[in-house]
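Here the structure comes first, spelled out in structure tokens, and everything after it is commentary.
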Number of protein chains: 2
Amino acid sequence: MTEAEATIVALETSDIRFPTSVDLDGSDAMNRDPDYSAAYVVVHTSAGDAHEGHGFAFTIGRGNDVQVAAIDALRPHVVGRPLQATLDHLGDFYRDLVHDSQLRWLGPEKGVLHMAISAVVNAMWDLKAKREGKPLWRLLADLSPEQVVELVDFRYLTDALTPDEALAILKRAEAGKAERAAQLLEQGYPAYTTSPGWLGYDDEKLTRLCKEAVRDGFDQIKLKVGADLDDDRRRLQLARDVCGPDIRIAIDANQRWDVGTAISWIKELAPADPWWVEEPTSPDDVLGHAAIARAVAPVRVATGEHVANRVVFKQLLQAEAISFLQLDAARVAGVNENIAILLLAAKFDIPVCPHAGGVGLCELVQHLSMFDFVAVSGSLERRTIEYIDHLHEHFADPVVIQSGRYVAPTAPGFSSTMKAESRTRHTYPDGPVWTTFQGG
Amino acid sequence: MTEAEATIVALETSDIRFPTSVDLDGSDAMNRDPDYSAAYVVVHTSAGDAHEGHGFAFTIGRGNDVQVAAIDALRPHVVGRPLQATLDHLGDFYRDLVHDSQLRWLGPEKGVLHMAISAVVNAMWDLKAKREGKPLWRLLADLSPEQVVELVDFRYLTDALTPDEALAILKRAEAGKAERAAQLLEQGYPAYTTSPGWLGYDDEKLTRLCKEAVRDGFDQIKLKVGADLDDDRRRLQLARDVCGPDIRIAIDANQRWDVGTAISWIKELAPADPWWVEEPTSPDDVLGHAAIARAVAPVRVATGEHVANRVVFKQLLQAEAISFLQLDAARVAGVNENIAILLLAAKFDIPVCPHAGGVGLCELVQHLSMFDFVAVSGSLERRTIEYIDHLHEHFADPVVIQSGRYVAPTAPGFSSTMKAESRTRHTYPDGPVWTTFQGG
């Protein structure tokens with residue numbers, strides 16, 4: 001088998017779940033008892049270089065098996081492909097998956113099938129980066145503007161962003177690229193922490209974790225809101241008192257409200273000066289977000305972790321509905337669609353502040369934000385990546401936070417590889433963590 | 001086992017596919033080679049009355065197994081429930097499925113998981129209607145306005161439609177209900193036919209099928225467009241010549257265009273007087289549809305078969321993006337969410353003209369339109385149900401078309417029961433139709 005003849009020989013999937021609901025980690029107004037889970041993919045090749053591509057869709061427990069079944073449905077598009085030609089044209093690969101004329105019916109471009117595509121596309125990017133010996137952010141930043149444009153599917157975007165406009169954005173960012181990469185390696189990328197603010201935590205724990213966040217150097221924290229207005233007022237004021245006036249405090253309603261309720265609730269919380277209000281209503285409601293944004297200004301609206309695809313992001317930008325765009329690494333169709341989203345945000349001059357947490361999402365999104373800084377927006381202004389101190393110990397190349405900033409990863413790949421032992425232990429329902437599980 | 005103790009004892013699923021791609025039935029600009037398929041559900045009870053509830057999600061082939069896996073994931077919400085109490089409160093049942101705090105992550109309220117909920121919810125409505133000895137449209141029309149409102153989930157709708165407004169719409173329609181039901185039984189409900197217009201058909205077949213449609217009494221047909229402008233112009237003019245000026249000719253682009261292309265393409269076809277243009281762009285693009293509608297008026301825009309949920313329909317209405325709302329029986333979460341959509345359409349005074357075809361969709365949507373006529377909008381004006389002459393022979397209570405109109409069904413149930421022999425024969429991959437399949 002020569003290198004030129006190497007192919008993709010297997011797409012291995014597994015259902016991996018962590019029993020996080022026991023401690024109410026991750027509890028919010030809509031997600032009461034998540035068990036953070038990964039529908040996990042390993043791409044195997046015949047190249048003989050020992051490199052595997054790792055990726056996953058993130059879910060919160062039940063239904064992770066459905067997510068695995070969706071990834072399995074993509075196997076015929078992957079196995080048997082020539083390795084190098086596929087890695088050289090990941091734009092074509094991504095478009096092949098998205099435009100399968102029968103599978104497309106299950107979305108189109110949304111939900112279970114789209115998240116499955118994200119897992120596979122991200123695994124291929126991990127493989128490519130490992131083979132090229134670069135962390136993904138660096139690999140992407142080293143592409144030419146023309147190569148980046150080739151990765152994007154502009155279908156349904158051209159009324160807001162044409163290939164020529166995308167190219168111009170990327171060319172504008174060519175100046176200073178090397179300096180920004182050096183700055184990134186030296187100083188890292190700003191982070192904020194959601195760890196203090198889960199709804200399931202009592203006031204004592206909230207206070208303690210706020211103090212720790214400030215001590216650890218974070219200049220922004222986030223609190224979950226939306227279940228009870230009096231509780232929200234008290235918790236927000238408590239956090240403000242502990243953190244002082246200079247720490248940004250974002251609030252996150254996790255889609256709890258209708259438009260009218262959102263507006264009145266946010267106005268009640270406005271005196272505590274929230275930095276943004278996140279997911280005030282349905283992630284599908286572009287016009288609703290726009291109405292809320294107009295009504296609660298100067299409080300800023302943020303959303304994105306449940307936004308289904310680039311077409312919805314396009315509209316949120318067109319409608320001036322958001323002041324922060326919170327992309328997710330594994331809900332839209334992976335790296336390629338997220339490049340389109342970064343370009344859209346740059347076009348509309350809206351900062352991208354990715355959603356993270358869960359399991360492995362911090363590991364993934366850091367690469368996207370760092371690519372954005374070096375090669376797309378060229379800016380750190382109002383930009384920060386969510387950080388939650390959960391489950392990183394299960395990853396081979398876990399995120400590193402120093403003084404409230406993400407340290408730029410230098411190991412080759414997408415930081416997406418979960419340790420083999422962690423995968424074995426947490427396989428559902430037959431891994432030892434689950435066969436011995438006593439319930440929450 | 002007394003009737004009061006009866007429970008739901010099993011949720012049986014199966015993967016049923018028809019090799020329709022062989023004849024290019026159903027071919028359009030985005031769906032080149034569909035194999036019409038059903039992820040099929042049978043609800044079994046311990047009631048001893050021999051009634052089963054039948055429902056299904058419709059797909060076009062690959063991925064139907066993923067759809068079945070999603071229905072299987074709902075089983076714990078269904079099996080073991082008390083039968084009568086569940087059927088008496090199908091609003092609660094539907095909301096339980098939609099708001100499972102872990103499964104919700106896979107949508108929320110869109111794609112594979114949402115279609116799975118539609119299959120289960122529709123099966124429960126079929127069961128209820130069979131047990132009450134009524135066709136579903138009649139069962140729904142016999143409910144009080146208060147009972148209908150109780151079936152709806154108003155979350156994310158109240159900025160456009162409150163429960164009180166919904167109640168007022170339903171109370172307004174109380175007058176004349178009996179007369180409209182009698183009219184329906186006597187005259188049926190208007191239909192239009194898509195059978196002549198598939199892209200895979202040549203001009204001779206198009207001409208012949210247009211003549212047959214007019215001869216059969218249809219006053220509206222639909223042609224697929226969007227692959228080639230010259231072909232579209234020729235085919236549309238051919239159909240206009242064959243049908244004459246009095247037959248409405250709708251055109252359907254199946255999401256083929258970006259916003260700018262849609263506008264210029266539709267303007268090119270406008271001289272042939274299309275009645276509506278359907279799915280000009282992404283079903284997620286509310287603002288895009290609105291921009292197209294403004295630019296191509298007086299040509300009217302229609303969409304809905306791929307609209308993910310009531311929140312997107314709400315926005316299409318708020319943005320004045322559509323002149324016809326094309327609900328689908330099995331993409332949103334079944335009867336309950338479609339009642340919300342009928343009420344939204346009534347509030348905005350937009351006629352509902354359901355998407356049908358595929359396998360079994362005609363059987364389902366007729367009940368929703370007939371309920372709309374009798375008890376919601378109270379009108380037939382500009383209203384018509386899609387009809388395609390495919391695969392009805394596989395159903396126990398198939399639709400009946402007379403003189404271009406749907407005959408109101410009178411058999412108990414939702415007309416959703418596929419014959420047992422058809423299900424066995426078309427089970428994928430082990431049924432005899434597939435084990436002996438020679439390819440297309």
Once phi is turned into θ = phi - 60°, what whole-Hz ³J(HN,Hα) does the Karplus curve with 6.51, -1.76 and 1.60 give for every residue of segment B:32-44, x standing for Gly and Pro?
6, 8, x, 10, 4, 9, 10, 8, 9, 10, 10, 8, 9
Give me the tail of P(r) for segment A:255-315 as a percent: Cα-Cα pairs with distance above 18 Å.
27 percent
Taking only C-alpha pairs under 8 Å that are 6+ residues apart, what is the relative contact order of chain B in percent?
19 percent
Estimated dipole of the protein assembly as shown in Debye, rounded to 20 [Cβ of Lys and Arg +1, of Asp and Glu -1, Cα centre]
760 debye
Report for segment A:171-422 the percent antiparallel among DSSP-assigned beta bridges with both residues inside it, nearest 5.
20 percent
Sum up the charges of everything whose Cβ sits under 13 Å from the Cβ of B:A69, counting Lys and Arg as +1 and Asp and Glu as -1, but leave B:A69 out.
-4
Among A:R300, A:R256, which comes first, second and so on when ranked by fewest other beta-carbon atoms within 10 Å?
A:R300, A:R256
Straight-line reach from B:K205: which lysines have Cα under 18 Å away, leaving out those fewer than 8 places along the same chain?
B:K222, B:K224
Between copies, how close do the B:E381 label points come, placed 7 Å along Cα→Cβ, listed in nm from shortest?
5.4
Fewest-first ordering of A:I263, A:I71 by Cβ atoms within 10 Å yields A:I263, A:I71
Taking the rotation axis that maps chain A onto chain B, which residue of A brings its Cβ closest to that axis, and at what distance in whole Å?
A:G111, 1
Over chain A: helical MRE at 222 nm, DSSP H runs n ≥ 4 each giving -39500 (n - 2.57), nearest 500:
-12000 deg cm²/dmol
Enter the angle in degrees (range 0 to 90, nearest 10) between the Cα long axis of helix B:229-243 and the first principal axis of the Cα atoms of chain B, meaning the one along which they spread out most.
80 degrees
Cut-off is 10 Å between beta-carbons; in what order do A:F395, B:F371 appear when sorted fewest neighbours first?
A:F395, B:F371
Built amide H within the under 5 Å cut-off of A:K419, gap 5+
A:F395, A:A396
Please label the shape of segment A:162-309 as rounded, prolate or oblate, based on the square roots a ≥ b ≥ c of the eigenvalues of the alpha-carbon gyration tensor (a/c under 1.5 means rounded; beyond that, a/b larger than b/c means prolate, else oblate).
oblate
What's the whole-number percent of alpha carbon pairs in segment A:110-187 lying beyond 14 angstrom?
72 percent
From phi via Karplus (6.51, -1.76, 1.60), per-residue ³J(HN,Hα) for segment B:297-313 in Hz, x at Gly/Pro:
3, x, 5, 9, 9, 10, 7, x, 4, 10, 6, 6, 6, 4, 5, 6, 4
By what distance, in whole Å, do the Cα atoms of segment B:158-247 stretch along each of the three principal axes, largest value first?
52, 37, 22
Cα-derived Rg to Rh of chain B, Kirkwood definition:
0.95
Placing the label point 7 Å from Cα along the Cα-to-Cβ direction, what are the distances from A:T7 to the equivalent spots in the other copies, shortest first, in nm to one decimal?
5.0
What does segment B:26-135 give for Rg and for Dmax, in Å, if only its C-alpha atoms count?
15.0, 48
Any aspartates and glutamates whose Cα falls less than 15 Å from that of A:K177, other than same-chain ones fewer than 8 residues away, would be A:D142, A:E186, A:D372
Among B:A308, B:S118, B:G226, which residue has its Cα furthest toward the positive end of the charge dipole of chain B, with +1 on Lys/Arg Cβ and -1 on Asp/Glu Cβ?
B:G226
In whole Å and largest first, what semi-axes does the C-alpha gyration tensor of segment A:262-358 yield when each eigenvalue is scaled by 5 and square-rooted?
23, 13, 12
Express in whole angstrom the spacing between the alpha-carbon centres of segment B:303-340 and segment B:359-435.
20 Å
Nm distances between copies for A:H99, ranked from closest, using label points 7 Å along Cα→Cβ
4.2
Around B:R331, what is the net charge, scoring Lys/Arg as +1 and Asp/Glu as -1 over all other residues with Cβ under 10 Å from its Cβ?
-2
Translational diffusion coefficient (Stokes-Einstein; Kirkwood radius from C-alpha pairs) of segment A:171-422 at 37 °C, 0.692 mPa s, in µm²/s:
178 µm²/s
Find the Cα radius of gyration of the protein assembly as shown, compare it with 2.2 N^0.38 Å by division, and give the number to two decimals.
0.93
Compute the separation of the alpha-carbon centres of segment B:151-226 and segment B:246-282 and state it in Å as a whole number.
19 Å
Antiparallel as a % of all DSSP beta bridges within the protein assembly as shown, to the nearest 5?
55 percent
Report, by chain and number, residues whose modeled amide H sits under 5 Å from the one on A:Y192, excluding near sequence neighbours (fewer than 5 apart, same chain).
A:I385, A:E386, A:Y387
Using modelled backbone amide H atoms (1.01 Å from N, in-plane), which distant-in-sequence or interchain residues come within less than 5 Å of A:E278's amide H?
A:I251, A:D252, A:A253, A:A302
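Taken together, the values in this text are just the output of simple stated rules run on the coordinates, not laboratory data. On a predicted model such as this, the values are computed, not experimentally measured, just so you know. Counting neighbours? That spans all protein chains shown, and the Cβs are built from the backbone with ideal geometry, glycine included.
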